[in-house]
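Structure first, commentary second.
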Amino acid sequence: MPMESFRPESWNGIDDIVIVGGGLAGLFCALKLSPRPVTILAAAPIGQGASSAWAQGGIAAAMSAGDTFEKHVADTLEAGAGIVDRKMAYSLVAEGPARIHDLLEYGVPFDRDLEGKLLLSREAAHSERRVVRVKGDMAGKAIMEALIAAVRKTPSIRVLEGYVVEELVREGRFISGVVARPDAGQSKKRVHFPARAVVLCSGGVGHLYAVTTNPWEACGQGVGMAARAGAIIADPEFVQFHPTAIDIGRDPAPLATEALRGDGAHLVDSAGRRFMLDIHQDGELAPRDIVSRGVFAQVQSGGGAFLDCTKAVGAHFPEMFPTVYASCMAAGIDPVTQPIPVVPAVHYHMGGILTDGEGRTSIDGLWAAGEVTSTGVHGANRLASNSLLEAVVFAGRIAENIKGILPEPKTNDWGKNAGESDDLVTVEDSPALTHLRRVMSDNVGVIRNRQGLLYAIREIAALERDNSRMRFHNIVTTAKLIAVGALLREESRGGHFRSDFPEQKAGWQHRTFLTLADADRIVAELAETAAA
């Protein structure tokens, strides 16, 4: 049950570790810090508003007899299109089995075979069956339910739900706390939470785009807050589009999991032809960026794109993939007998706040884990099901690092009122956010070019000038970093495709590192050039 009973006035003080976000990374970090006291600030009830809970595929870990860490790393490097940090990837993969066992101890009911062994599935761009799932397409939901139950039973973890964090407080070299708005962002009051350690686990950027599989809370606020505080942002241009969102006009768009294609489902046009065989030798199991562009081209051409599961899954669909089945049936589509209409949708951001191997950002006192980060393990294109693995591995490392740096807990006095404003949070998109989402989808989406990116940057700058709301400034800051990163990278690599630079270039085989000051300077130079 929600923990509304925890109210500031009932506490003697607050903990010196504050975790922002109630998704997989945030909850796992809090559990790993136990019995060290910690406070979680979550905009929604924990588990809600978190992309982790919607993850259908599962967690990738090299655990089968024929698999090795080296094979998993090789697949990660291949998918990442030449800019994966090899050492970071190997350390991630090497911890995979141990983190799976952690999750089992927390009660996650991973699928098992008749002998009781973990049942491993194969997904796109994996050379082996190494994805641990729950009931086919319910891994994220099951993992979150188990962790939520564990958190609720852990007395050292205080959960404040309905606190929308809007600002990181910086004092000199250090992040010294956060400012949040209570009552799910509806309160005019803003509250300051002092902290010796802030762990940012605020999720991704999907809601910056008009078509996404992410919840509305995933709007890039964490990246924007960190950038405005001075943090280095890495690889912002690399956005992964899931090729098979179900095209039924819902926002967010429901997802037809990658596992369906792993189990033999085919992508076809309206005439039933498998168009991906003309694009890549692996067909439907090609890396996501290639499949996304293939589906996008089909949709744009008017030929339509459909995921045909009738032969590969057929009558077993309801029990094998209940989440997808329910979404289809609610829209009047029976996937047992009918192909599913699909469209690419923003699914995952490979870019984010730069962190090291311990989850530390470029600002002292600030750690980050999960999709809000860029650790270097995904490169230009995330390998399927590596993201949940990354969240738990780095969340665990952060817990160990904080305990080493700050071995003794300290209780802070309850923070003072941080002022009031009318900048209330609403679930419905404002006209400015609606416009931003359309601009991003049309110009910073699956296929990009210089003209479209310049237009997007001009529109972003105008929206920034015309809107003073802090939450919107966090959001538009992230959009600006993505667009500027995409403009600078004059090649195509992984999730970033430029129609005016369609080939990879050896000179661009490196990561991107940007600060907000860098991005603002580039935007100003572009404005001066346009005015000249």
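The values are calculated or read from the model by the stated rules, or taken from the named source; none is laboratory data. Note that the structure is predicted; figures quoted are calculated from it, not measured. Heads up, the Cβs are rebuilt from the backbone with ideal geometry, glycines too, and the neighbour counts pull from every protein chain shown.
Say whether the condition of being closer than 22 Å to residue 361 by Cβ, assigned to a loop (DSSP other than H, G, I, E, B), in contact with a helix residue (DSSP H, G or I) (Cβ under 6 Å, 6 or more places away or on another chain) and not charged (D, E, K, R) is met by at least one residue in the range 181-201.
yes
For the range 278-300, check the following and say yes or no: at least one residue is crowded, with 24+ Cβ neighbours inside 10 Å, free of Cβ contacts under 8 Å to residues at least 60 places away in the same chain, aliphatic (A, V, I, L, M) and touching a strand residue (DSSP E or B) at 6+ places or on another chain (Cβ under 7 Å).
Checked the range 278-300: at least one residue is crowded, with 24+ Cβ neighbours inside 10 Å, free of Cβ contacts under 8 Å to residues at least 60 places away in the same chain, aliphatic (A, V, I, L, M) and touching a strand residue (DSSP E or B) at 6+ places or on another chain (Cβ under 7 Å).
Report, by residue number, each residue of the range 99-116 that is under 17 Å from residue 138 (Cβ atoms) and aliphatic (A, V, I, L, M).
Those that are under 17 Å from residue 138 (Cβ atoms) and aliphatic (A, V, I, L, M): 100, 103, 104, 108.
Collect the residues in the range 489-532 that are under 23 Å from the mean Cα position of the chain (by Cα), farther than 18 Å from residue 230 by Cα and among the hydrophobic types (A, V, I, L, M, F, W, C), keeping them in residue-number order.
Scanning the range 489-532 gives a single hit, 497.
Please state which one of 247, 269, 263 is of a type in the set (Asp, Glu), out of contact with any Ser or Thr (no Cβ under 7 Å at 6 or more places or on another chain) and free of Cβ contacts under 8 Å to residues at least 60 places away in the same chain.
269
Under the condition of being of a type in the set (Lys, Arg) and surrounded by fewer than 18 Cβ atoms within 10 Å (Cβ to Cβ), which residue from the range 123-140 is modelled with the highest pLDDT?
129
Answer yes if at least one residue in the range 431-453 is at positive phi, in a loop (DSSP other than H, G, I, E, B), under 20 Å from the mean Cα position of the chain (by Cα) and at pLDDT 95 or above, and no otherwise.
Scanning the range 431-453, I find no residue that is at positive phi, in a loop (DSSP other than H, G, I, E, B), under 20 Å from the mean Cα position of the chain (by Cα) and at pLDDT 95 or above, so the answer is no.
On the given criteria, is residue 170 in contact with a helix residue (DSSP H, G or I) (Cβ under 9 Å, 6 or more places away or on another chain) and modelled with pLDDT of 95 or more?
No, not satisfied.
List every residue pair whose Cβ atoms lie under 7 Å apart, where the two residues are 6 or more positions apart in sequence or sit on different chains, the first residue falls within the range 98-127 and is within 13 Å of residue 386 (Cα to Cα), and the second residue, located anywhere, is in a loop (DSSP other than H, G, I, E, B) and of a type in the set (Gly, Ala, Ser).
100/61; 123/57; 123/384; 123/385; 124/286; 124/384; 125/384; 126/384
What are the residues in the range 267-303 that are in contact with a Gly (Cβ under 6 Å, 6 or more places away or on another chain) and within 18 Å of residue 239 (Cβ to Cβ), if any?
Hit for the range 267-303 is 289, nothing else.
Take residues that are over 20 Å from the mean Cα position of the chain (by Cα) and more than 28 Å from residue 60 (Cβ to Cβ) and tell me which of the helices (runs of 4 or more DSSP H) falling wholly in the range 267-384 contain 2 or more.
So the answer is 288-301, 322-330.
Determine which single condition residue 338 fails, assuming it passes every other condition in (1) touching a Cys at 6+ places or on another chain (Cβ under 7 Å); (2) of a type outside the set (A, V, I, L, M); (3) at negative phi.
Residue 338 satisfies all of (1) touching a Cys at 6+ places or on another chain (Cβ under 7 Å); (2) of a type outside the set (A, V, I, L, M); (3) at negative phi except (1).
Testing residue 184 on (1) in contact with a Gly (Cβ under 7 Å, 6 or more places away or on another chain); (2) on the phi < 0 side of the Ramachandran plot, one condition comes back false. Which one is that?
Result: residue 184 fails condition (2) only.
If the requirement is being within 16 Å of the chain's Cα centre (by Cα) and farther than 24 Å from residue 43 by Cα, which of these qualifies: 245, 218?
Result: 245 is the single residue among 245, 218 that is within 16 Å of the chain's Cα centre (by Cα) and farther than 24 Å from residue 43 by Cα.
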